[in-house]
4 protein chains.
Amino acid sequence: MSPALRVGVVGVGIMGADHAERLARRTARAELVAVADPDEVRAKELASRHDGVWSTGDALELITSDEVDAVVLASPGFVHEEQVLACLAAGKPVLCEKPLTMDSESSLRVVRAEREATERFGRSLVQVGFMRRFDPEYARLRAVLTDGSLGRTLLLHNVHRNASVPNADFRSEMIVRDSLVHEVDVARFLFGEEVVAIQVLSPAPTSLAAEGVIDPQVAIFTMAGGGIVTNEVFVNSQVGYEVRCEAVAERGSVVIGRPSSGAYSTSLGTSGAGQWGGSVPADYRERFATAYDLEVQAWVDSVHAGTSVGPTAWDGYAATAVSTAGMASLASGERVTVDLVDPSTLAGPTTQTHHASSTKEPS
Amino acid sequence: MSPALRVGVVGVGIMGADHAERLARRTARAELVAVADPDEVRAKELASRHDGVWSTGDALELITSDEVDAVVLASPGFVHEEQVLACLAAGKPVLCEKPLTMDSESSLRVVRAEREATERFGRSLVQVGFMRRFDPEYARLRAVLTDGSLGRTLLLHNVHRNASVPNADFRSEMIVRDSLVHEVDVARFLFGEEVVAIQVLSPAPTSLAAEGVIDPQVAIFTMAGGGIVTNEVFVNSQVGYEVRCEAVAERGSVVIGRPSSGAYSTSLGTSGAGQWGGSVPADYRERFATAYDLEVQAWVDSVHAGTSVGPTAWDGYAATAVSTAGMASLASGERVTVDLVDPSTLAGPTTQTHHASSTKEPS
Amino acid sequence: MSPALRVGVVGVGIMGADHAERLARRTARAELVAVADPDEVRAKELASRHDGVWSTGDALELITSDEVDAVVLASPGFVHEEQVLACLAAGKPVLCEKPLTMDSESSLRVVRAEREATERFGRSLVQVGFMRRFDPEYARLRAVLTDGSLGRTLLLHNVHRNASVPNADFRSEMIVRDSLVHEVDVARFLFGEEVVAIQVLSPAPTSLAAEGVIDPQVAIFTMAGGGIVTNEVFVNSQVGYEVRCEAVAERGSVVIGRPSSGAYSTSLGTSGAGQWGGSVPADYRERFATAYDLEVQAWVDSVHAGTSVGPTAWDGYAATAVSTAGMASLASGERVTVDLVDPSTLAGPTTQTHHASSTKEPS
Amino acid sequence: MSPALRVGVVGVGIMGADHAERLARRTARAELVAVADPDEVRAKELASRHDGVWSTGDALELITSDEVDAVVLASPGFVHEEQVLACLAAGKPVLCEKPLTMDSESSLRVVRAEREATERFGRSLVQVGFMRRFDPEYARLRAVLTDGSLGRTLLLHNVHRNASVPNADFRSEMIVRDSLVHEVDVARFLFGEEVVAIQVLSPAPTSLAAEGVIDPQVAIFTMAGGGIVTNEVFVNSQVGYEVRCEAVAERGSVVIGRPSSGAYSTSLGTSGAGQWGGSVPADYRERFATAYDLEVQAWVDSVHAGTSVGPTAWDGYAATAVSTAGMASLASGERVTVDLVDPSTLAGPTTQTHHASSTKEPS
């Protein structure tokens, strides 16, 4: 048995602390060895909960440490570019939380650097944290759509709801950049094609969003092959975290993420009337707990195997490019075309794996 | 077009008033002409709500009236024998609410009288109000079980819950006689066989039933062909009216009556957590509204056609015989054999239609 | 009891024959007395199936006959204007199948004539056959949305699928005019507002539609108050008739029309793997059987009562105006504004009842 | 970080091979070091698939090896007693697949030995493989029942179906001993009480079971507090693996394991009619994959922590005692009382943890 992979986690907010706990307690063939956060007290506190884990306020110290074999980036998006490039320079595999970077230009720089590193180190080093590809329901949906039995995929209908978002400094564009981007990756993953245009519509907003915030939003994607994707994103739905996807193909449709799955109970409601039903997940950690576990385990396994799996730097770049176009559409109300660089013009080996179901078809 | 069937309703409690409204407003080719109830004020009040309907305190006056073509009996069970026999004497078709009578002996007397009347008038005159046979889900279930695709039926699992029952004078035996009797008819309808033995088990009762009342009860039926039926009857479930049936056959199973059918909503529960779900029917009138409508329309249609449809006097007798055995089992805890008279020893034409799906296969 | 309403049916294709059967067999306080169809043989054949029903090849003969109290129009849309106007001239209540007429101008003429007739006869005479308003699930959805508990309605997501349509002479616009028009009425019914703009998108079509037919289509409605409605209409889905609606409000969502309602079974699929599930309705008659029954009964009841209920001529006009704009949008790909006449400029009493749930709140 | 727990697996049939794979690939803080099986070729073949894993034909060699810290027993039930006792003698934690042993006497010997070992080594060493306690749905069900909101638990309804069993040498008693025993543990886990009596009923069997095999069976448990449990066990259902549990409490009910959870699709069935639905799990490995993963991880974690978690030797003994009574009832058709030794008469510390939800409340 090969020794456990020594992993460092950069950024120990909610997501990073969750990944640290996952690596320390639930991931086979890996061990958590270090954490980094500009808030050194927070980093130290987290490290102290695990035997033999050290902390630092300097992400680059962790990334370049000889005691760290691979890195999970759960830092804010605006420092991703610098940190991913540092990992590439050090030849270290990195699992980078979405978004890859804040705009298409910087994401494209990461793609170029990753191609050079792939040539130099003989393996792809970047996996982007679009964890839904590892969710058993999304993986199953992709398998059904690609096995051919239902014919060509024609439409997707996505619903993405959060109970609420913090009001301070929240802006309408963040719905596109931070929430809708998951639907962009889902569309690319399920169609196996790029998104070529996006239109973001602004309904009369809920009175329960912050003043001036357009919520919900309805976004329409056009896929390269002519498929259409409708998306509802509603981040102040009050109710809970609901992520649902229906694919419509030539000879049938498939729905995943119905709230009505799982246990249900009957009981007397407060109105005095009998009710049946169940609970809606509170947030993404509850809904996608298994997906995150499988994502991190698959990443650790792929590092051991010297292969790569899951969303690549290209996938991160393409999603960011659609978000960027989406933010322009939100402002104008018009349909905006997405311009991606031609991948064949990039040097180095292709790592464009958005067609691959990572759990089934590692590139 | 033949003239509308002139119908009188005997007994105008909840059930009778419901039938009167149904005949007056929602039944084709019928008209409500008279109502009878010992409580003459109540009868008069109901009559006044409909043009041209008269009332009486004397059920026999209504039954024998020349202005009444056919009778719906929604009176208490202990007067059914006398009233059904009066209908038979008058040669008038009667739809008698369940139970047919209060014990097997009296039910058998009705069966004998009905056979004589059938010979005399050339048609069967009695339909018993086991309305579930007309419920689209039960009818569909029977159709699936009898089309042969799933092989022989092996087991049924029935659940029958009421939110609550009036506590005054309620006794444990009434659960067997008034509630479980519906499951008896369902078992006979779906298996197309008689129930040959019954065992009623007494769990530790809910603290929310009246003192001394055994609720819930679990009853086990053995069918003539060896099939087994498990039944839960729980009349103080607090929640609502839930009637569910699962049939298990050699090559598959079918469930009807799931509470999770129909519309559902998501919303924030009072606990502050997101919920999905829907409402449980409050009572039998909500759950079986369509079944009652179809039952009464089918009865009216069959009277016009001079045929009969739905549960017969024999079906009423057989169900009562099982209930009677069930009450003995409730008292002793032991399995009790059901003794039915041999139908071939009865004079007159057979009207044993429990094999027939009334909506599909009028006898 | 008042005498039965004598109803004539114009047009005895699938829909008309269905209505004739309904009036003859399942509608209280009505009788079928006559049928008309240019195909006199077909009309005669239908009449012969019912006692005392006469037939004619001339719709106007039926409409003006003294033996006909009220008329159901199930003729093709292009003769609706003439026939509705004839009913109005004769002062006869008419239930007109959708669409009211083929374009907004002719529908507006009907609205104007209906207002004059309302003044002359003291009652509204036209009900348009948007039967979904009588479907128990849609009625329940509207009740939930209007009771205020979920706050303001923000979005609707409609899905409308047919297994297939006849290929001969089928054109893409017919999806807008004949299918999407139901979603238009649903949007108006649930929001209680007019549709002010429509955009119809053309995905890459299924290979199973006729050459040149754009199927599926995705349509976006903007409501007067800023709400947005997404619609999928797919008339060659192969599978069956699926009509689903999800409403998203400020504090919750509601879904109706899930295929997963009702009975389900488990069995061994042909692949040799175990399956659970149920059947999808084959067509609109199966899915909306109860809605049609309730619609026709409510119409008959309203005629007896001298009131009106359900969708009015205005509702028919407004829906047609949106369809007309939708066909323009299908051609151009652009968002098209819907121009309705200002109802306050119309003479006569308002009969604009699209806010009313007909089953609960007769106008 | 403490070194990984070195685990040996005894028995490498389907279950053992599954556990070996789990320990090697998906369990944190553990490593697979050795496998034993009387079929040495099979053991060697399995070992060769993992780096650094050795194999032996002698289970006792593995159990006593200094290189093995803890043992998973997936050998046949009739060698469990000897092997568990060997683990206890060696002071090694053991996860023993169910059944603990083949009859109550031998299980009781294990309980006594385990109590002595607990005193000697200062920790409980035996966990029995009732993996359902770790299934998220069963754990959630127990949490709901014990939080008090629904009042006292009154009834359980369990359904347990397998697609088929091998016919060779299959006997009716194996349904009780190998399948129903899971329901016994579920009843004890959810009620937190012992089963005091069992009755096993013999319906007319499916024609698809082997000659002479009684399948399905219906078993009734009486709990110490008077609760009643109905159980269907059907091991030749043809369809798939269905395990469902409904708990009925004083103020509500809860259902888990509905086949209708998860993704569903619509498509055209082979009959040419539209279908909706999904797939039924093929077997227990698919249905309980997560439960097994959580069970083994929790066991490894508890060994690291020096605590114990999950079903104890007592739980294994109690379940075996009920099975033994159940086999007697199957033969006689009568209700059979379960006689357990009084736990207070046993020497040593109590390890009776059937009240504990292992994932939430480690004892």
### Simple label model, 7 Å out from Cα along Cβ direction - D:Thr64 to C:Thr64, nm
11.3 nm
### Task
Work out from phi, with θ = phi - 60° and the Karplus expression 6.51 cos²θ - 1.76 cosθ + 1.60, the ³J(HN,Hα) of each residue of segment D:166-171, listed in order in whole Hz, and give x for Gly and Pro.
x, 7, 4, 6, 6, 10
### Query
Residue by residue through segment B:314-319, which ³J(HN,Hα) values in whole Hz follow from phi under the Karplus form 6.51 cos²θ - 1.76 cosθ + 1.60 (θ = phi - 60°), with glycine and proline marked x?
4, 4, x, 4, 4, 5
### Message
Could you check the spin-label model distance between B:Ser48 and B:Thr307? Points 7 Å from the Cα along Cα→Cβ, value in nm.
### Response
4.3 nm
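Counting other Cβ atoms within 10 Å, keep those with at most 15, restrict to DSSP loop, and tell me which GluC sites (Glu not before Pro) in segment A:145-242 are left.
Details: sites: A:Glu173, A:Glu183, A:Glu193, A:Glu194, A:Glu211, A:Glu232, A:Glu242; in loops: A:Glu193, A:Glu194, A:Glu211.
Answer by residue number: A:Glu211.
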### Query
With contacts defined as alpha carbon pairs under 8 Å and 6 or more residues apart, what's the relative contact order of chain B in percent?
19 percent
### Message
Given the rotation that superposes chain A on chain C, what residue of A brings its beta carbon nearest the axis, and what is the distance in Å?
### Response
A:Thr230, 2
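Given a cut-off of 29 Å, name the pairs among C:Lys44/C:Lys92; B:Lys92/C:Lys92; A:Lys92/D:Lys92; D:Lys44/D:Lys98; B:Lys44/B:Lys98; A:Lys44/A:Lys98 whose C-alpha atoms lie farther apart than that in the structure shown. Walk me through the intermediate numbers first.
On the way: C:Lys44/C:Lys92 23 Å; B:Lys92/C:Lys92 40 Å; A:Lys92/D:Lys92 40 Å; D:Lys44/D:Lys98 25 Å; B:Lys44/B:Lys98 25 Å; A:Lys44/A:Lys98 25 Å.
Result: B:Lys92/C:Lys92; A:Lys92/D:Lys92 exceed 29 Å.
For segment D:133-287, calculate the relative contact order in percent as a whole number, restricting contacts to Cα pairs under 8 Å that are 6 or more residues apart.
Working: 283 pairs, mean separation 45.7, N = 155.
Relative contact order, segment D:133-287: 29 percent.
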### Message
Counting only other chains, and only Cβ atoms inside 10 Å, what mean value do you get across the residues of B:278-285?
### Response
4
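Could you work out the local net charge near D:Asp66, counting Lys and Arg as +1, Asp and Glu as -1, over the other residues with Cβ closer than 13 Å to its Cβ?
Details: positive: D:Arg6, D:Lys92; negative: D:Glu61, D:Glu67, D:Asp69.
Around D:Asp66, the surrounding residues sum to -1.
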## Note on the structure
Given backbone amide H placed at 1.01 Å from N, residues whose amide H is under 5 Å from that of C:Ser279, ignoring those fewer than 5 places away on the same chain, are D:Trp276
### Task
Compute the label-point distances linking C:Glu119 to its equivalents in the other copies; points lie 7 Å from Cα along Cα→Cβ; give nm, one decimal, shortest first.
7.4, 8.5, 10.5
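If the only charges are +1 at each Lys and Arg Cβ and -1 at each Asp and Glu Cβ, what is the size of the charge dipole of segment B:78-233 around the Cα centre, to the nearest 20 debye? Walk me through the intermediate numbers first.
Values: 16 positive and 21 negative charges, 108 e Å.
Rounded to the nearest 20 debye, it is 520 debye.
Can you give the calculated 222 nm mean residue ellipticity of chain D, where each DSSP H run of n ≥ 4 adds -39,500 (n - 2.57) and the sum is split over every residue, rounded to the nearest 500 deg cm²/dmol?
Numbers: 10 runs with 118 residues, N = 363.
Mean residue ellipticity at 222 nm (helix-derived): -10000 deg cm²/dmol.
Relative to the Cα centre, what is the charge dipole magnitude of chain D, using +1 at the beta carbon of each Lys and Arg, -1 at the beta carbon of each Asp and Glu, and rounding to the nearest 20 debye?
Values: 31 positive and 47 negative charges, 199 e Å.
Roughly 960 debye for chain D.
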### Task
Sketch the reach of a paramagnetic label on B:Ala347 as a point 7 Å from Cα along Cα-to-Cβ, and name the residues of segment B:86-105 whose backbone nitrogen lies under 20 Å away.
B:86-92, B:105
### Task
Subtract the Cα-Cα distance of B:Thr290 and B:Leu208 from 0.36 nm times their separation in residues, and report this length gain in nm to one decimal.
26.4 nm
#### Entry: For B:Asp58, distant residues with modelled amide H under 5 Å away
B:Asp37
### Query
Out of segment A:66-168, which GluC sites (Glu not before Pro) are coil in DSSP terms and have no more than 14 other C-beta atoms within 10 Å?
A:Glu67
## Note on the structure
Counting sequence-distant residues (5 or more places) and residues on other chains, those with an amide H built under 5 Å from that of B:Gly129 are B:Cys96, B:Glu97, B:Lys98
### Task
Mind pulling up the Rg/Rh value for segment A:133-286? Radius of gyration and Kirkwood radius, both on Cα.
1.01
### Task
Between the label point of A:Pro166 and that of the same position in each other copy, find the distances and list them shortest first in nm, with every label point placed 7 Å from Cα along the Cα-to-C-beta direction.
6.0, 6.1, 6.3
### Query
From Cα coordinates alone, what are the radius of gyration and Dmax values for chain C in angstrom?
20.6, 69
### Message
Using a 7 Å offset from Cα along the direction of the beta-carbon, what are the separations from D:Arg25 to the same position in each other copy, nm, ascending?
### Response
2.5, 5.9, 6.4
## Note on the structure
In order over segment A:66-75: 3J(HN,Hα) from phi, Karplus 6.51/-1.76/1.60, θ = phi - 60°, whole Hz, x for each Gly or Pro, gives 5, 8, 10, 8, 7, 10, 9, 9, 10, 7
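Take peptide C:232-239, look around each residue's Cβ out to 10 angstrom, count Cβ atoms belonging to other protein chains, and average those counts.
Working: counts 8, 0, 5, 0, 2, 11, 10, 13.
Per-residue shielding by partner chains comes out at 6.
Let me check I've understood the local charge: for B:Arg123, count other residues with C-beta under 15 angstrom from its C-beta, Lys and Arg +1, Asp and Glu -1. What total comes out?
Values: positive: B:Lys92, B:Arg115, B:Arg120; negative: B:Asp69, B:Glu114, B:Glu116, B:Glu119, B:Asp301.
Spelling it out: positives minus negatives among the neighbours equals -2.
Read-outs throughout are calculated quantities, based only on the coordinates presented, and are distinct from any laboratory measurement. Since we're looking at a predicted model, the values are computed, not measured. We place every Cβ from the backbone using ideal geometry, glycine too, and count neighbours over all the protein chains shown.
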